[in-house]
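The values are calculated or read from the model by the stated rules, or taken from the named source; none is laboratory data. What you are looking at is a predicted structure, and each value in this text was computed from that prediction instead of being measured. Here the Cβ positions follow ideal geometry from the backbone for every residue, glycine too, while neighbour counts run over all protein chains shown.
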Amino acid sequence: MIDRKVMRSLLESMEQAAEETLQQDSAFHQALVALKAEIDNDPAVQATVGELQAAGRSVHKSFVPHIKIRVRTQEGIFALPKPAEIPVGPAAEKVSRLIQELKNAASKVIKNSRHYRELDLIVNEVVAANDRFEGIASEIENAGYEVLICLDLSAYAQVQGMTRPSRECFQPNALAREAPEPIRLSGSDRKFLAAMKISFDAEPLGT
């Protein structure tokens, strides 16, 4: 029997070991970049981003993958709590609907993408070969639990506070000319992006 405090510490160590391993894997990086491009070029995603920008919202398409480790116990699934989302301020009904539409559109692309299936295979193969990860996983499994590995890509886009509303009609190729405001990333997010050779313009959390 592993108490919750110890289990939390073990899951944190496993997630860290998994992400550090994937930082060094070129196949994971290539598939990740391809998946992001596929989402960015999706017409439904582009149209929704354009509507949000026209409504005065700033959309930051950060794509920081996280490895989530879950443990199946007799009481149910145990997992680390999700980090708190950055508040975007009061949202009108239309903006709330558009935010959900953007999430749905990105999720649909991910679900149907061969790049996501490729990423899922890479994660399971690469992470399982990590001695540190396997050592902790064996400790948990020997206690009678089941370890589940999940690639979390849910935080594709963050919609932030009000900006000056756009008076122009949305054009897909205009997205590249938008000057995004800095997003706030944790130290681990910045380290992960740097290791994956993905450029970013962001403020660290706590500034």
Problem set entry | Cβ-Cβ under 6 Å pairs, at least 6 apart or on other chains, segment 108-132 side charged (D, E, K, R), far side modelled with pLDDT of 90 or more | GLU118/ALA31; ARG132/ALA17
Exercise. ALA34: closer than 17 Å to ALA106 by Cα and at pLDDT 90 or above, yes or no?
Worked result: yes
For this session: Give the residue that is surrounded by the most Cβ atoms within 10 Å (Cβ to Cβ), with candidates limited to residues of segment 117-144 that are charged (D, E, K, R) and closer than 17 Å to SER13 by Cα.
Result: GLU134
